[in-house]
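One structure below.
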Amino acid sequence: MRRRDFIKLFGTSALSLSASPSIATQLLSSDHSNWTSYRISYQVTLPAHGKSAHLWLPLPDSNDSDTIFQFTQGNNWYGNTTKASFSTLGKDPFPIFKAEWHGKEQSDRRHVTVNCIVKTVHHAIDPTLYPENKKQALPNSIRNYINPTQLKPTNGIVRETAHAIIKEKNASTPLEQARAIYDWIINNTQYDENTRGRGQGNVTYMLENNELSGKCVDLNSLLVALLKAADIPARNQYGIRINDSDLHESIGQYGDISQSQHCRAEFFLAGRGWIPVNPSDVLQVLKLGGLTLDDAKIIQLREKFFGAWEMNWLAFNHAEDIAISPSSSSKFPFFMYPHAEIDGNSLDNLDPENFSYKIISAELVGTGIKF
């Protein structure tokens, strides 16, 4: 037996989502008895040249009230940094690790390792189980998620497209409108495996040029922008894949996850809360599996991922338009990759080998450890 299989056998077992209808039904509510523990390790080595270096790493979200599908059990780090700390960033603070190296050029390369222990559980909310109240007001804390961002405007062609989708489907309630937009994304966009990284999420460019393709950031950003334009609060959750998928090999990753960053989406319904959705993974299986929209597997995934996330993935944050580096006046549209600068010059965070960094996931036996 391989060590990988041994670990999974004695750890908290993964939920199979495709074995039978009864198992598929389990996905309709979060199973909090089936938590799985992981260790996520960043191993970062920066060049020795230059007088100073700075590093920022996104960490698993630890806001338990907001992320009911995961929680952290602690972090630690070691390395030859001049200064380092676990901190937070953003208007709605999310966890990060930051490190600095100062002084003359070093004979040894700068290095640091950061370990995080996190637990996840399959996350699903069936929005059809509850009667919809059209008159129920949105909480003030949620209304911000209707506002546009740098790459997700809600006027012009974005608003026109959203209203056209809703009109075509004669969708009247927020739930019906959200489903119409979700289905439109799956029916009209394509996963493009040649897109660098996970895409940029430039929604206006995609619509104006009719280039409705890309990876998860592109596809889910388009979904979120259209939902916002329909006055439905929505956001991307930026994170990383950490385990194999029970649904399709293309939507999972275990071990070396250095290039497995992945974002998902969710929208808010008054009286119900945040509803997880994941059209980009439907489109990824469609393309890489060589399937068609009327294939039984795609029909099944389309239904499952309107209200569910398979938690072989963890979330870092939902922040957008973030000022990560004090040395730069520009804002990052999102923060999902490690970011480093040497003498104020950014390294290419989509090139982990030359950055250089490695991210490793490991499923832990039993409940895992706590730092």
Rounded to the nearest 500, what is the chain's calculated 222 nm mean residue ellipticity when only DSSP H runs of at least 4 contribute -39500 (n - 2.57) each, over all residues? -6500 deg cm²/dmol
Ignoring ligands, DNA and RNA, what percent of the accessible area of the chain is carbon or sulfur (1.4 Å)? 48
Ser52 versus Tyr205, label points 7 Å from Cα toward the beta carbon: distance in nm? 3.1
Would you look at the GNM of the chain, springs on alpha carbons closer than 10 Å, and say which of Asp246, Asp192, Asp294 moves the most? Asp294
Pairs beyond 32 Å (Cα-Cα), from Lys98/Lys297; Lys169/Lys331; Lys167/Lys331; Lys98/Lys287; Lys51/Lys358; Lys215/Lys331: Lys98/Lys297; Lys169/Lys331; Lys167/Lys331; Lys98/Lys287
Distance-filtered residues of segment 196-230 - backbone nitrogen under 13 Å, label point 7 angstrom along Ala164 Cα→Cβ: 207-212
Backbone N under 19 Å from the Glu176 label point (7 Å along Cα→Cβ), restricted to segment 269-289: 269-272
In the chain, what percentage of the DSSP-assigned beta bridges are antiparallel, given to the nearest 5? 95
For segment 206-230 and segment 264-339, what is the separation of their C-alpha centers, rounded to whole Å? 12
Taking amide H positions as placed in the peptide plane 1.01 Å from N, state which residues far from Thr81 in sequence (5 or more) or on other chains have amide H under 5 Å from it. none
If contacts are Cα pairs under 8 angstrom and at least 6 residues apart, what is the relative contact order of the chain in percent? 24
Förster radius 35 Å - calculated FRET efficiency between Ile322 and Asn34 (Cβ-Cβ, nearest 0.05): 0.60
Can you work out the accessible area per residue across the chain, with the rest of the protein chains kept in place, probe 1.4 Å, in square angstrom? 44
Tell me, what is the FRET efficiency for Thr195 and Ser41 to the nearest 0.05, using R0 = 25 angstrom and their Cβ-Cβ distance as r? 0.40
Could you work out how much longer the chain between Arg109 and Ser250 gets when fully extended? Use 0.36 nm per residue separation minus the Cα distance between them, nm to one decimal. 47.3 nm
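The values are calculated or read from the model by the stated rules, or taken from the named source; none is laboratory data. This is a predicted model, so every value here is computed, not measured. Here the Cβ is made from the backbone with ideal geometry for all residues, glycine too, and neighbour counts use every protein chain on show. Surface areas here come from the heavy atoms of the whole protein model, side chains and all, with no ligands, DNA or RNA. Shrake-Rupley method; radii C 1.70, N 1.55, O 1.52, S 1.80 Å.
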